[in-house]
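Take a look at the structure below.
The values are calculated or read from the model by the stated rules, or taken from the named source; none is laboratory data. Computed from a prediction, not measured in an experiment: that's the story for all the values here. When we count neighbours, we look across all protein chains shown, and the Cβ atoms used for this are built from the backbone with ideal geometry, even at glycine.
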Amino acid sequence: MSKLGRRLTCALVAATVFAAPVAGAYAQTTLKVALHSDLKIVDPVWTTALISTHHGYMIYDTLFALDEKLEVKPQMVDKWEVSPDKLTWTFTLRDGLEWHDGKPVTAEDCVASIKRWGAKDSMGQKLLGVVTELSAPDAKTIKMVLKQPYGLVLESLGKSSSNVPFMMPKAVAGGDANTQITESIGSGPFIFKKDEWKAGEKAVYVKNPKYKPRAESASGLAGGKVAKVDRVEWITIPDQQTQVNALLGGEVDLVEIVPPDLLPLLAKDKNVKITVVNKAGRQYSMRFNVLFKPFDNPKVRQAILYGLSQKEVLEANVGNPEYYRECRSLFPCGSPLESTKGWDDKLAGNVAKAKEMLAASGYDGTPVVFLHQTDTAGHNNLATVAKAQLEKIGLKVDLQPMDWQTLVSRRAKKDAPDKGGWGAYFTSWGATDVLNPVSAAFVNASCDKATFGWPCDETIEKLRDAYASDPDPAKQKAIAEQVQLRVLEYPTHAPLGQFTTPTAIRTNVNGLLSTPSLALWNVEKK
């Protein structure tokens with residue numbers, strides 16, 4: 001038996017020996033899961049880290065949400081209306097919404113939450129950029145007045161992944177958006193047990209007995225969020241093989257990400273089943289920090305786009321072609337805005353062309369600090385593969401290994417690379433996050449308002465504004481292609497291919513929803 005197994009067994013024995021009988025007691029159901037990363041940051045608006053988004057969905061709710069067809073549906077909102085001139089939007093909250101501390105959810109809370117989210121998120125910034133009034137006329141009504149019609153109001157409020165517009169109490173959301181919150185008071189289906197949270201070991205959530213789910217069936221991230229287990233434990237197990245062993249031994253019920261090379265081992269066990277939760281998949285990315293040499297020079301970044309090879313990145317980090325796809329499009333392949341225009345010859349490992357361009361750029365040999373995450377499944381070879389590829393073209397790379405949560409904190413620093421800053425880091429985005437120029441955070445080029453890397457380009461921003469204000473899909477497609485071509489001139493990041501991740505669960509666990517972010521409501525354990 002593994003150390004984890006002995007620890008869980010001892011805890012179970014102790015609970016059995018010392019627990020006193022309680023009248024009317026019943027056997028509580030505990031779901032134990034091993035996720036892709038440890039939880040260290042509980043503010044899903046301050047960071048775009050996926051694990052913090054997962055945490056957000058456990059405890060918070062949203063005004064709108066995407067269903068399994070990626071259609072926007074009301075969640076905390078009961079009804080809404082738009083004025084004939086499309087400038088005034090009025091949202092009415094549904095009855096029975098309550099914070100975990102027992103206080104009622106009010107429109108004033110939601111206004112504060114939207115403002116905090118809108119200060120950080122790419123879509124939120126664009127939305128609030130056209131808002132002239134955001135107010136709460138009464139406890140259940142949110143009023144939004146625009147200076148011009150805007151085609152992405154519901155899509156913004158129903159954004160499915162980082163950063164999600166989670167609703168929080170005004171006392172929590174009313175502070176500075178650039179300062180992390182420390183309280184985790186939501187109104188969602190689970191309550192965070194902060195007293196049991198031990199970073200590096202586990203995070204615990206319990207069923208919210210006062211939560212009133214919507215009447216509709218659960219679909220994607222929308223519909224009735226019915227908590228069907230009493231307790232959820234996120235068990236931190238950094239090693240992937242150990243995670244799989246714990247699943248096979250029944251010590252955990254779910255492993256979020258299974259490396260394809262371990263799938264044959266699980267296939268032999270009749271008590272385990274494999275599924276893909278996020279069918280839309282994810283997109284790998286290399287993010288440039290444009291504040292410092294050498295990536296302050298767009299011509300250096302252009303050379304990188306030729307030197308990188310999506311195929312090598314996907315082979316090293318995914319391995320099984322069943323779960324990955326090369327895609328030379330800024331926006332996801334298979335999505336309405338897919339286009340290879342201008343990108344056909346990029347990201348294919350053209351060493352000769354990249355060498356020529358790097359030399360012509362005036363690159364002076366300044367080393368680039370690559371932040372290298374070592375502990376995240378399917379991502380731990382991103383920086384190492386890119387280092388090998390780019391050293392072939394003459395780039396000097398300083399590879400600095402660290403765990404993902406350390407990287408998440410460090411990438412927020414604007415210090416010089418030799419003083420604790422960075423030159424590039426590697427991550428992935430859900431395909432639903434990067435469907436268009438407004439939602440894609442790495443396309444945001446609004447200088448200090450942009451996310452980590454801080455690109456600054458007026459042309460990109462004007463195109464993003466044009467996309468958001470034009471409701472015609474054909475014109476939006478044309479604008480998106482202009483964005484794609486402009487990003488070749490002023491690269492903000494390098495898309496490194498698409499992939500899906502297999503999730504393994506015990507066969508006595510059912511109801512796992514198909515979602516862009518992990519959702520554990522609707523899940524039953526028999």
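Observations on the structure shown:
- Here is the figure for the stretch 311-333: residues that are closer than 11 Å to Leu496 by Cβ, out of contact with any Phe, Trp or Tyr (no Cβ under 8 Å at 6 or more places or on another chain) and polar (S, T, N, Q) total 0.
Residue-by-condition table, conditions (1) hydroxyl-bearing (Ser, Thr, Tyr); (2) touching a helix residue (DSSP H, G or I) at 6+ places or on another chain (Cβ under 6 Å); (3) under 29 Å from Glu68 (Cβ atoms):
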{"residue": "Ile235", "(1), (2), (3)": "no, no, yes"}
{"residue": "Val277", "(1), (2), (3)": "no, no, yes"}
{"residue": "Phe288", "(1), (2), (3)": "no, yes, no"}
{"residue": "Leu291", "(1), (2), (3)": "no, no, no"}
{"residue": "Lys299", "(1), (2), (3)": "no, no, no"}
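- From the options Lys79, Lys86, residue that is part of a strand (DSSP E or B), more than 22 Å from Ile237 (Cβ to Cβ) and modelled with pLDDT of 90 or more: Lys79
- Cβ-Cβ contacts under 6 Å between residues 6 or more apart (or on different chains), taken from a first residue in the stretch 207-218 that is surrounded by fewer than 19 Cβ atoms within 10 Å (Cβ to Cβ) to a second residue that is not in a loop (DSSP other than H, G, I, E, B), are listed as Lys210/Glu98.
- Of Thr507, Thr503, Thr492, all but one fail to be surrounded by fewer than 24 Cβ atoms within 10 Å (Cβ to Cβ) and either under 19 Å from the mean Cα position of the chain (by Cα) or among the acidic types (Asp, Glu) (or both); the exception is Thr503.
- Test: residue in the stretch 61-72 that is within 19 Å of Lys194 (Cα to Cα), at pLDDT 90 or above and not in a loop (DSSP other than H, G, I, E, B): yes
- Within the stretch 170-178, none of the residues are in a strand (DSSP E or B) and crowded, with 20+ Cβ neighbours inside 10 Å.
- Number of positions in the stretch 123-153 that are in a helix (DSSP H, G or I), out of contact with any Pro (no Cβ under 9 Å at 6 or more places or on another chain) and of a type outside the set (Val, Ile, Thr): 5
- Qualifying residue in the stretch 406-420 (condition: of a type outside the set (Phe, Trp, Tyr), part of a strand (DSSP E or B) and at pLDDT 95 or above): no
- Among the candidates Val206, Val244, the residue that is more than 30 Å from Lys126 (Cβ to Cβ), among the aliphatic types (A, V, I, L, M) and touching a helix residue (DSSP H, G or I) at 6+ places or on another chain (Cβ under 7 Å) is uniquely Val244.
- Hey, Lys293 among the basic types (Lys, Arg) and in contact with a Ser or Thr (Cβ under 7 Å, 6 or more places away or on another chain) or not: yes
- Test for Asp121: is it in the same structural domain as Leu66 (by TED's automatic domain parsing), of a type in the set (Asp, Glu) and either at pLDDT 95 or above or surrounded by fewer than 20 Cβ atoms within 10 Å (Cβ to Cβ) (or both): no
- Residue match in the stretch 80-88 (condition: more than 26 Å from Asn278 (Cβ to Cβ), among the charged types (D, E, K, R), surrounded by fewer than 21 Cβ atoms within 10 Å (Cβ to Cβ) and in contact with a strand residue (DSSP E or B) (Cβ under 6 Å, 6 or more places away or on another chain)): yes
- Condition broken by Thr459, with the remaining ones in (1) part of a helix (DSSP H, G or I); (2) in contact (Cβ under 8 Å) with a residue 40 or more places away in the chain satisfied: (2)
- Criterion applied to Ile185, Ile191, Ile257 was being crowded, with 17+ Cβ neighbours inside 10 Å and either in contact with a Gly (Cβ under 6 Å, 6 or more places away or on another chain) or farther than 20 Å from Leu63 by Cα (or both), and the one residue passing it is Ile257.
Results for (1) within 21 Å of Val443 (Cα to Cα); (2) under 20 Å from the mean Cα position of the chain (by Cα); (3) in the same structural domain as Trp429 (by TED's automatic domain parsing), shown as yes or no for each residue.
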{"site": "Gln302", "(1), (2), (3)": "yes, no, yes"}
{"site": "Pro336", "(1), (2), (3)": "yes, no, yes"}
{"site": "Lys355", "(1), (2), (3)": "no, no, yes"}
{"site": "Asn380", "(1), (2), (3)": "no, yes, yes"}
{"site": "Val397", "(1), (2), (3)": "no, no, yes"}
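- Gly394 at pLDDT 95 or above, in a loop (DSSP other than H, G, I, E, B), surrounded by fewer than 19 Cβ atoms within 10 Å (Cβ to Cβ) and on the phi > 0 side of the Ramachandran plot: yes
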